[in-house]
Amino acid sequence: MTTRLFGAPIQRKEDPRLVTGNGRYLDDLTGDALAAAFVRSPHAHARIVDIDVTDALAVDGVLAIYTYEDLDGRVAEPLPLLIPHPGLTHPKTAYPLAKELVHHVGEAVAMVVATDRYLAEDAAELIRVDYDPLPAVIGVAAAKRAERLVHPDVPGNVAGHVVQERGDAREEIIAAPHTLLLSLSVERSASMPLEGRGVVAREDPGGILRIYTSTQASTSVRAALAAKLDLPLDRVEVVAPDVGGGFGVKIVHPWPEEVLVPWAARRLGRAVGWTEDRREHFVSSAHEREQEHLVNVGFDADGRILGLDVQVWHDNGAYIPYGLIVPIITTTQLLGPYKPRAYRAEFWSLYTSTVIVTPYRGAGRPQGAFAMERTMDAIADYLGLDRAEVRARNFIQPDEMPYEQGLTFQDGRPLTYDSGDYPALLEKLKKLIGWDEFETFRAQARAQGRKVGIGIGCYVEGTGVGPYEGGHVLVEPSGRVRVATGLTSQGQGHQTAFAQIVADELGVPFDSVEVVTGDTRRFRYSIGTFASRAAVMSGNAVALAARAVKDKALRIAGDALEVDPADLEIVDGVVRVKGDPQASIELKTVAVLANPLRYAFDEAAQVATQFAKGDISKPPIGEDDEPGLEATDYYSPLRSTFAAGMHAAIVETDPQTADIRVLRYAVVHDCGNVVNPRILEGQIHGGVAQGVGGALYERMAYDASGQLLNASFMDFLMPYATEVPRVEIDHMETPSPLNPLGIKGAGEAGVIPGMAVFASAIEDAEGFVLSRMPISPSELYHLRVRHARGKVVSLRRAEVGNPEESA
């Protein structure tokens, strides 16, 4: 009997190829393509007075130089607004090349195409651009003041404004026995995939434009470029090769370069390629995270939240191609596993003279978890209660599922949690980290002159957002099973997890299944890889397609064996009669029978020709069948599924240097039925590493003029392996009732509560309030100095002072 593969910790089948240097990334595919380079603005805000390309055109090997004036058709129009929203009242998107004005350092102004990248870069340096600098708006505080405008026709720098509420939170707060007002903020950061963006395009003599691009959404890039270049959809092919990391930045499409490179390839009649360098990634891709939060909360003597009113100011950068998704997620996912009696969330999305902001792993959830978990800690400290207990008193209970939060989520559907057991998650976490025993450890550390603290953070993550994904499953006469789905892979282990699902559904060996993703030649319709949706969406799609193939195989085999299909099963690639394994037929033979032939090309094909033995009273193909043992199916969810988890950390802060060491880090996670625990734990490990970075290291440092001061790996701090703790993990499975496999997403789980957990733990170690993240040792040291001077609020439980000013 075939061993069940769903749920098994199978090693990833992708890895041997990748770790032995046999991956095929974008830059491996350039071949003899011409190379593009870009002239980018050195100013955060300026008017373009003149562009002189004379000297650059004289460089031997330069084939073309383009500025905005050279663009034509829809290429000369602004890039698309991908996700419109009624609250997005003043949307602005960039032109592929700047038209008259630049709005952030790094905005593309001119494009050079030459025989190689060196010549293209040399020529780009010879292009003289005359700018008239204009005042820049840097950061949320400056955008809120609106003394200067990023776009003159956008009042107050406000791109969008949205209010969602359930009940009357403000009245509940007024009537509450206790209230707190918290001002919280998160600084700007960004994803840093090892491979930056890139695109190669060539048009063949038959008029087919093939584009290779390092993207998270190949089918969407295809549709966007067909529209921009005014081409029929079937004349555009987009392939995502091996992608060296995405983390959200590559879900944006089309990037200016994704439009310009294919456009230039068609004009020049040559293949053209471009690969982003690291500085370009810093100044011309996308950032995330920066927000300010004002939290007003009313609660009773037991710590139960009666009213919660949250205001959020979100920095969306100079343009807003991805709409309001990030602040929508922040204000809806902020609620986590809790059920305040009334809730009001209001946000303003603001333009600044900086790089655009689009989803980065977590996509607004880390900020929301930070705001909510800081609030929970503040309530616990105010009342003198255990922090875990305050959380438990506010949890949605298992018997309340499905639970309606009364808001609209990012998919436009109701924010309704499908399943979960949050009290059980908390108990698992407390046991895993040793929550109840921590004070004994603290006393021992204190006796040694050490400062230690423990922190906790909870979250709920909406996953598997629609509208759909599809899957195609084909059994070949060789017995190989080919699986294709349209979304792309950037390290998630899709080739393994989807193969496990299909092998289980079909009853075939795991090694016989091959999976292809991100190639519009193999699967033409898809949405993309983001928002922890791949396993939920494509996992269920390939399962449904495999079930259809299995049903067809049993029908055909039933005819061949002259038995009822209901009496058949498929085991190890053999269709056999239940209870009588000798009465059987190989699945690869069924694949041959599924395609009746006139001509036999090999011995196996002879059984499908017209004079082979068969029931001539029936047509060669069933009434509802098509030739071939294959099927395509789509999964479209009613609404999102909601995974959940809780993290805890124990930290030590050095009494002299304020260095922050992570002693232990524990994760308990629930993503429904687990396809592959090994892959899941890898996802969590990677997310925790980014959570450590977001809490302790990573920030984009802009000066007042809009210059990014740390636009290199020399200056932008990221955690090394030495800074990432060993992660202790426990799982819980509450299946989702919304999809056939009962699964929920997990891709962003590791990063979501990181800032909240570390703020909680460091605060616990130091005895004073933390309200801003990330925090560095130098900042912690200065907070200590201010705390000693009575300028930082002490925790009540620390029993030190009663200063008035918040950190």
query: If Leu426 passes every condition in (1) crowded, with 22+ Cβ neighbours inside 10 Å; (2) in a strand (DSSP E or B); (3) among the hydrophobic types (A, V, I, L, M, F, W, C) but one, which one does it miss?
result: (2)
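Counting only residues that are within 21 Å of the chain's Cα centre (by Cα), closer than 28 Å to Ala371 by Cβ and open to solvent by 10 Å² or more (accessible area, probe 1.4 Å), how many does segment 451-470 have? Spell out the reasoning first.
The initial filter retains those residues of segment 451-470 that are within 21 Å of the chain's Cα centre (by Cα), namely 457-470.
Add one more test, that the residue is closer than 28 Å to Ala371 by Cβ, and what stays is 457-466.
Pick out the ones that are also open to solvent by 10 Å² or more (accessible area, probe 1.4 Å) and you get 466.
Result for segment 451-470: 1.
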task: Check whether at least one residue in segment 77-87 is touching a strand residue (DSSP E or B) at 6+ places or on another chain (Cβ under 6 Å) and of a type outside the set (Val, Ile, Thr), and report yes or no.
output: yes
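Quick one: would you say Ala531 is crowded, with 22+ Cβ neighbours inside 10 Å, under 30 Å from Asp567 (Cα atoms), of a type in the set (A, V, I, L, M) and in contact (Cβ under 8 Å) with a residue 60 or more places away in the chain?
In short, no.
Return yes or no: is Gly303 under 22 Å from Ser532 (Cα atoms) and assigned to a loop (DSSP other than H, G, I, E, B)? Reasoning before the result, please.
Numbers: under 22 Å from Ser532 (Cα atoms): no; assigned to a loop (DSSP other than H, G, I, E, B): yes.
It is false that Gly303 is under 22 Å from Ser532 (Cα atoms) and assigned to a loop (DSSP other than H, G, I, E, B).
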query: Somewhere in segment 471-489, is a residue at pLDDT 95 or above, crowded, with 24+ Cβ neighbours inside 10 Å, out of contact with any Phe, Trp or Tyr (no Cβ under 6 Å at 6 or more places or on another chain) and not β-branched (Val, Ile, Thr)?
result: yes
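Counting just the residues of segment 172-208 that are of a type in the set (S, T, N, Q) and part of a strand (DSSP E or B), which one comes out nearest to Asn316 (Cα to Cα)? Break it down stepwise before answering.
Initial filter on segment 172-208 (of a type in the set (S, T, N, Q)): 179, 183, 185, 189, 191.
Now narrow it down to the ones that are part of a strand (DSSP E or B): 179, 183, 185, 189.
Numbers: Thr179: 31, Ser183: 20, Ser185: 15, Ser189: 12 Å.
Of everything passing the filter in segment 172-208, Ser189 is nearest to Asn316 (Cα to Cα).
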message: It is to be established whether one or more residues within segment 131-143 are over 19 Å from Ala46 (Cβ atoms), open to solvent by 60 Å² or more (accessible area, probe 1.4 Å) and touching a Phe, Trp or Tyr at 6+ places or on another chain (Cβ under 7 Å).
response: no
- request: Inspect segment 325-342 for any residue being modelled with pLDDT of 95 or more, aliphatic (A, V, I, L, M) and more than 23 Å from Lys144 (Cβ to Cβ) and give the result as yes or no.
  value: yes
Among the residues listed as Ala369, Ala388, Ala380, Ala424, the single one being in contact with an Asp or Glu (Cβ under 8 Å, 6 or more places away or on another chain) and modelled with pLDDT of 95 or more: Ala380
- request: Confirm whether Ala695 is open to solvent by less than 30 Å² (accessible area, probe 1.4 Å), outside any loop (DSSP other than H, G, I, E, B), touching a residue at least 60 places away in the same chain (Cβ under 8 Å) and out of contact with any helix residue (DSSP H, G or I) (no Cβ under 8 Å at 6 or more places or on another chain).
  value: no
message: Please go through (1) open to solvent by 30 Å² or more (accessible area, probe 1.4 Å); (2) at positive phi for Gln448 and return the number of the only condition it doesn't satisfy.
response: (2)
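Being in a helix (DSSP H, G or I), out of contact with any Phe, Trp or Tyr (no Cβ under 9 Å at 6 or more places or on another chain) and surrounded by fewer than 22 Cβ atoms within 10 Å (Cβ to Cβ) narrows it down to one of Ala546, Ala583, Ala560, so name that one.
Numbers: Ala546 fails: surrounded by fewer than 22 Cβ atoms within 10 Å (Cβ to Cβ); Ala583 fails: in a helix (DSSP H, G or I).
Going through Ala546, Ala583, Ala560 in turn, just one is in a helix (DSSP H, G or I), out of contact with any Phe, Trp or Tyr (no Cβ under 9 Å at 6 or more places or on another chain) and surrounded by fewer than 22 Cβ atoms within 10 Å (Cβ to Cβ): Ala560.
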task: Would you check if Glu288 is surrounded by 24 or more Cβ atoms within 10 Å (Cβ to Cβ), under 26 Å from the mean Cα position of the chain (by Cα) and acidic (Asp, Glu)?
output: yes
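Quick one: in segment 336-354, which of the residues that are among the hydrophobic types (A, V, I, L, M, F, W, C) and crowded, with 24+ Cβ neighbours inside 10 Å is nearest to Gly307 (Cα to Cα)? Give the steps one after another, and end with the answer.
Restricting attention to segment 336-354, the residues satisfying the condition of being among the hydrophobic types (A, V, I, L, M, F, W, C) are 342, 345, 347-348, 350.
If we keep only those that are crowded, with 24+ Cβ neighbours inside 10 Å too, we end up with 345, 347, 350.
Values: Ala345: 11, Phe347: 17, Leu350: 26 Å.
That would be Ala345.
Name every residue in segment 355-409 that is among the small types (Gly, Ala, Ser), in a loop (DSSP other than H, G, I, E, B) and surrounded by fewer than 17 Cβ atoms within 10 Å (Cβ to Cβ), in order of residue number. First the steps, then the outcome.
In the first step, residues of segment 355-409 are kept if they are among the small types (Gly, Ala, Ser); the result is 362-364, 368-369, 371, 378, 380, 384, 388, 392, 406.
Now restrict to residues that are in a loop (DSSP other than H, G, I, E, B): 362-364, 384.
If the condition is that a residue be among the small types (Gly, Ala, Ser), in a loop (DSSP other than H, G, I, E, B) and surrounded by fewer than 17 Cβ atoms within 10 Å (Cβ to Cβ), then Gly384 is the only one that fits.
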Strands (runs of 3 or more DSSP E) contained entirely in segment 2-70, each with at least 1 residues that are loosely packed, with under 13 Cβ neighbours inside 10 Å: 46-52
query: Among the residues of segment 293-301, is there at least one that is crowded, with 21+ Cβ neighbours inside 10 Å, within 30 Å of Leu180 (Cβ to Cβ) and of a type outside the set (A, V, I, L, M, F, W, C)?
result: yes
- line: For Asp715, the lone unmet condition from (1) of a type in the set (Asp, Glu); (2) open to solvent by less than 20 Å² (accessible area, probe 1.4 Å); (3) assigned to a loop (DSSP other than H, G, I, E, B) is (2)
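The values are calculated or read from the model by the stated rules, or taken from the named source; none is laboratory data. What you are looking at is a predicted structure, and each value in this text was computed from that prediction instead of being measured. Cβ atoms come from the backbone with ideal geometry, glycine included; neighbour counts cover every protein chain shown. We work out accessible area using only protein heavy atoms, side chains counted, and drop any ligands, DNA or RNA first. Shrake-Rupley method; radii C 1.70, N 1.55, O 1.52, S 1.80 Å.
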